[in-house]
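Working notes for the structure below.
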Amino acid sequence: MSIREILSEYKNIYVLGISPKKDRDSYRVAKYMKDQNYNVIGIRPNTEKIEDIPCVSSISDIPSEIEILDVFRASEHIPQIVDEAIKHSKVKVLWLQLGISHPEAEEKAKKAGIKVITDHCIKVEHQKLSV
């Protein structure tokens, strides 16, 4: 599945590591994708909402399928995130933002049937493709 297909087909994005600070990439990307009519939900402990974006505390708090899990966390956290995603069992795409990668964890996610996009900004890709 290509990036174009992912952004065309999937409309639910969970942003792990969303920040309430407007100068942070995680905030700007989440806001942009919401403004493009995606259903955006933040994943941030002890936070119910960041402006008009609802939040949950963790991946395990999500009862439904996760079409896109967009990750804004340092690379050293990726193995734990992948383990949580596999445990959730309903993650379709693990999207690691620019500068984030962990080859071993990415391979583990792929073996579990999760599509992995790494070192790409979802906002930039959306703008390039004009989906």
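Of all residues in segment 28-62, those being in contact with a Ser or Thr (Cβ under 6 Å, 6 or more places away or on another chain) and within 18 Å of Lys11 (Cα to Cα) number 1. Counting only residues that are in a helix (DSSP H, G or I) and surrounded by fewer than 19 Cβ atoms within 10 Å (Cβ to Cβ), segment 94-122 holds 6 of them.
When Asp70 is tested against the conditions (1) in contact (Cβ under 8 Å) with a residue 60 or more places away in the chain; (2) charged (D, E, K, R); (3) crowded, with 19+ Cβ neighbours inside 10 Å, the lone failure is (1). If the condition is being without any contact (Cβ under 8 Å) to a residue 60 or more places away in the chain and within 21 Å of Ser26 (Cβ to Cβ), then segment 101-128 contributes Ser101, His102, Ala105, Glu106, Ala109, Ile114, Val116, Thr118, Asp119, Val124, Gln127, Lys128. When the test is whether a residue is out of contact with any Pro (no Cβ under 9 Å at 6 or more places or on another chain) and more than 21 Å from Val124 (Cα to Cα), Pro45 passes it. Exactly one residue out of Asp61, Asp35 is among the acidic types (Asp, Glu), surrounded by fewer than 21 Cβ atoms within 10 Å (Cβ to Cβ), over 17 Å from Ile6 (Cα atoms) and at pLDDT 95 or above: that is Asp35. Taking every residue in segment 1-12 that is more than 11 Å from Asn37 (Cα to Cα) and pairing it with any residue that is in a loop (DSSP other than H, G, I, E, B) and among the β-branched types (Val, Ile, Thr), at least 6 positions away or on another chain, the pairs with Cβ-Cβ distances below 8 Å are Arg4/Val131; Leu7/Val131; Ser8/Val131.
Of all the criteria given as (1) of a type outside the set (Ser, Thr, Tyr); (2) over 25 Å from Tyr32 (Cβ atoms); (3) within 14 Å of the chain's Cα centre (by Cα), the one not satisfied by Ala112 is (3). The set of residues in segment 26-41 being out of contact with any Phe, Trp or Tyr (no Cβ under 7 Å at 6 or more places or on another chain) and under 13 Å from Trp95 (Cβ atoms) consists of Val29, Ala30, Met33, Tyr38, Val40.
The values are calculated or read from the model by the stated rules, or taken from the named source; none is laboratory data. Values in this document were obtained by computation on a predicted structure and should not be read as measured data. Glycine also receives a Cβ, built like all others from the backbone with ideal geometry; neighbour counts cover every protein chain displayed.
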